[in-house]
1. I'd like the antiparallel share, as a percent to the nearest 5, of DSSP beta bridges with both residues in the chain.
2. Subtracting the Cα-Cα distance from 0.36 nm times the residue separation, let me have the gained length for Arg71 to Thr498 in nm, one decimal.
3. In nm, to one decimal, how far is the modelled label at Asn332 from the one at Tyr287, with both set 7 Å along Cα→Cβ?
4. Mind checking the log10 I(q)/I(0) for region 478-517 at q = 0.19, 0.20, 0.34 Å⁻¹? Debye, one equal scatterer per Cα, no solvent, two decimals.
5. Roughly speaking, to the nearest percent, how much of region 422-484's 1.4 Å accessible area is carbon and sulfur?
6. Using a 7 Å offset from the Cα along the Cα-to-Cβ direction at both Lys241 and Glu123, what is the distance between the two label points in nm, to one decimal?
7. Using only the alpha-carbon atoms of region 350-425, report the extent along each of the three principal axes, biggest first, to the nearest angstrom.
8. For region 336-384, what ratio Rg/Rh do Cα atoms give with a Kirkwood hydrodynamic radius?
Amino acid sequence: MDMHSVDPVVLGTSGVTAADVVAVARGGARVELSEEAVAALAAARGIVEALAAKPDPVYGVSTGFGALATRHISQELRGRLQRNIVRSHAAGMGPRVEREVVRALMFLRLKTVCSGHTGVRPEVAQTMADVLNAGITPVVHEYGSLGCSGDLAPLSHCALTLMGEGEAEGPDGAVRPAGELLAAHGIAPVELREKEGLALLNGTDGMLGMLVMALADLELLYKSADVTAALTLEALLGTDKVLAPELHAIRPHPGQAASAANMLAVLKGSGLTGHHQEGAPRVQDAYSVRCAPQVAGAGRDTMAHARTVAERELASAVDNPVVLPDGRVESNGNFHGAPVAYVLDFLAIAAADLASIAERRTDRLLDKNRSHGLPPFLADDAGVDSGLMIAQYTQAALVSEMKRLAVPASADSIPSSAMQEDHVSMGWSAARKLRTAVDNLTRVLAVELYAATRAIELREGLTPAPASRAVLEAVREAGVEGPGPDRFLAPDLAAADTFVRQGRLVAAVEPVTGPLA
């Protein structure tokens, strides 16, 4: 990871943008604290220290946590209390979480710390920035968050690294004791004081980071899906009349209009569309072709709602208790992940349906009874060759898993902390399964691309649209082979997957179509 690949992200007190999250998580952007943030940190810390000196118990400052909040903790035990909450809550299990997710998690927790509502000392915030900037990534495990009271176990593993404990991955990719990594980069471990351990754990940062990155990925994939749908329509000699703007204007869903416009732009100048009317009339194309803008458009509108939720959460300071501008320190329930969890589940549903309709279009390309003159399975010598038969099996298996992943996590709740935390969001789980769904959607679209480009090339004597020709040229240059006898198919599918995943499909058409919506 190049730690100087993009401009630094400067943290203030008013939140961050989605672009900031992606820059830090994926681009290795350097993180800096503004003077405004440092001043807000110091002011809030002063309030916490004043309360800590008083005999009255204050949750998280001079009491235990969760169901143990009734115990008043003496001053000499409070440092130990904060260390203990981090150590005990760093109880994750299972596979390691991806580096970009952990970087997003740490950055978003630092964002809230810099808001001036948490009572954390400026030096703790600076250490968080130093760890990010050094490319040190705490080892965080898959399981341990219920999405309420924050992503507790994941955030605790990050806080443990700040203390110089546990394990972390260095910029070279090697996992070492966190204390050794901090020392190697000249970073002193933090000695946590009143409220600081708790403030480092209470947040929706993991699920929010994964939501932001999923939205970035899905924005590309929905454009890619419009292109693959257009290519399939063309390969099936379908009609582009259903994409006319006036038809979508009378059902004014903005996502639907955008998808239809994208498909129409890709198909402009095609010599294949509508050709079926000569000698083999079709009154209408199948739903998977004709309704492509309606399905993709609904997903786009779901993304717009999810983006609104993400923007609100990015502007939020999620902690419990919080330091208010008037000096009060108050308990609250803002750490509950329901708003984020719902949209993570909504997106998994939309992604599954987009994959489902793409698979149906692919199957249509391979079935000689429905493909309007294409060879069975797009094979060179059907019977001797199986063509793309099993590529569609793979695609179907991916779609089937995506349907299972579309079952909402946020509809579940499991009580914890001796029934004090008796309703939880499961937002972390919703985010984890959405990442798998997005990954699978990329593969599903890659299979449709592979089938549609082969089918277009098999339409001898007919000229595809200029945008389609640009895709054919680019995809062949990328190592995705065209029609011919059977061969080892997995490398072709992997190359198609990389082509879609890296945004090269959209990049291939936009010089012809202009920017897609």
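1. On the way: 11 of 15 bridges.
Approximately 75 percent, going by the DSSP bridge assignments.
2. Details: separation 427, 0.36 × 427 = 153.72 nm, distance 5.55 nm.
Result: 148.2 nm gained on full extension.
3. 4.5
4. Rounded to two decimals, the profile gives -0.63, -0.66, -1.09.
5. Values: 850 of 1950 Å².
Summing carbon and sulfur atoms, their accessible area is 43 percent of the total for region 422-484.
6. Output for this residue pair reads 7.6 nm.
7. Taking the Cα atoms of region 350-425, the three principal extents are 67, 21, 13 Å.
8. Working: Rg = 18.3 Å, Rh = 13.3 Å.
Ratio of gyration radius to Kirkwood radius for region 336-384: 1.38.
The values are calculated or read from the model by the stated rules, or taken from the named source; none is laboratory data. As the structure is a computational prediction, the values presented were derived from the model and not from experiment. In this analysis, Cβ positions are derived from the backbone assuming ideal geometry, glycine residues included, and neighbour counts consider all displayed protein chains. Protein only, heavy atoms only, side chains kept; ligands, DNA and RNA dropped before computing areas. Shrake-Rupley method; radii C 1.70, N 1.55, O 1.52, S 1.80 Å.
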